[in-house]
Amino acid sequence: VALSASRGGVIGLMLRQNLRTSAVGVGCGLALGYGLSYPLAPMLPEVSNTDPAIYLVVASVLLAAALLACWLPARRAAAVDPMLSLRGD
């Protein structure tokens, strides 16, 4: 904001950076979960280990939580007065 960025630009930048990291983490977690589902299949007889709905729901919930966790600080950072941030440095 101090270098003429708009509020939307600051929020967009923070969301892109943080959600990219979250998406990589969710992707790695889904791959590991899929790989570990076969050895754990005998322990969960009622659940299919290749059910795409389960993977979709888990990924959606995790990404929604990451979006909320990123959006709140981004909104606060965009509301900071530029003069206060420059004076603090």
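The values are calculated or read from the model by the stated rules, or taken from the named source; none is laboratory data. Just so it is clear, the model here is predicted, and its values are computed rather than measured. Here the Cβ positions follow ideal geometry from the backbone for every residue, glycine too, while neighbour counts run over all protein chains shown. In case anyone asks, the SASA skips ligands and DNA or RNA and just uses the protein heavy atoms, side chains included. Shrake-Rupley method; radii C 1.70, N 1.55, O 1.52, S 1.80 Å.
Can you tell me which residue within segment 64-89, out of those that are open to solvent by less than 70 Å² (accessible area, probe 1.4 Å) and modelled with pLDDT of 90 or more, is nearest to ARG7 (Cα to Cα)?
It comes out as CYS70.
Could you grab me the full set of residues in segment 14-47 that are closer than 30 Å to PRO82 by Cα and touching a residue at least 12 places away in the same chain (Cβ under 8 Å)?
MET14, LEU15, ASN18, LEU19, SER22, listed by residue number.
Being surrounded by 11 or more Cβ atoms within 10 Å (Cβ to Cβ) and not aliphatic (A, V, I, L, M) is the requirement here; does PRO52 meet it?
No: the conditions fail for PRO52.
Yes or no, residue by residue, for (1) at pLDDT below 85; (2) surrounded by fewer than 13 Cβ atoms within 10 Å (Cβ to Cβ):
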| site | (1), (2) |
| --- | --- |
| LEU3 | yes, yes |
| MET14 | no, no |
| LEU19 | no, no |
| VAL24 | no, yes |
| GLY27 | no, yes |
| ALA31 | no, yes |
| LEU36 | no, yes |
| ALA41 | yes, no |
| PRO45 | yes, yes |
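Do any residues in segment 48-66 that are over 17 Å from LEU19 (Cβ atoms) have Cβ atoms under 9 Å from those of residues that are not in a helix (DSSP H, G or I), where the two are at least six apart or on different chains, and which pairs are they?
These pairs meet every condition: ILE54/VAL47; ILE54/SER48.
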